[in-house]
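The values are calculated or read from the model by the stated rules, or taken from the named source; none is laboratory data. This one's a predicted model, so the numbers in the text were calculated from it and none came from an experiment. Glycine gets a Cβ as well: all are built from the backbone with ideal geometry, and neighbour counts include every protein chain shown.
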Amino acid sequence: MAESEAFYLVDDQEVVLTTATDVACDGGGGALGHPVEYMTLGRKGEVVCKYCGRRYLAADGPEAADVRRDGTPYRPAAA
């Protein structure tokens, strides 16, 4: 996990705000994880993991303010 990521729950969905263009998702690692999925945020500044559905959004994108306002910050369990 990069230092430039902030995790939120929005309507029971995991959303990660990131300053990175390329991200890697492992679903949280450990027994509950999945194979590492490497992804690139598209033009809209968003990408969704095909394994777990975790959304990655650009921290400076248009939806980021809504996530910060409406979401619940959390820290994912360590692997």
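What to note about this one:
- Residue that is farthest from A65 (Cα to Cα), among those in the stretch 9-55 that are free of Cβ contacts under 8 Å to residues at least 24 places away in the same chain and small (G, A, S): A31
- Filtered residue count, the stretch 64-79, keeping only those that are in a loop (DSSP other than H, G, I, E, B) and either free of Cβ contacts under 8 Å to residues at least 12 places away in the same chain or over 13 Å from the mean Cα position of the chain (by Cα) (or both): 3
Yes/no per residue for (1) over 16 Å from A6 (Cβ atoms); (2) at pLDDT 95 or above; (3) surrounded by fewer than 17 Cβ atoms within 10 Å (Cβ to Cβ):
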site	(1), (2), (3)
T18	no, yes, no
D22	yes, yes, yes
G27	yes, no, no
L32	yes, no, yes
G42	yes, no, yes
Y51	yes, no, yes
A58	no, yes, no
P62	yes, no, yes
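- The set of residues from the stretch 30-47 being in a strand (DSSP E or B), of a type outside the set (D, E, K, R) and under 13 Å from T18 (Cβ atoms) comprises M39, T40, V47.
- Filter result for E46 (at pLDDT 95 or above, of a type in the set (D, E) and in contact with a Phe, Trp or Tyr (Cβ under 9 Å, 6 or more places away or on another chain)): yes
- Any chance E5 is under 15 Å from P76 (Cα atoms) and surrounded by fewer than 16 Cβ atoms within 10 Å (Cβ to Cβ): yes
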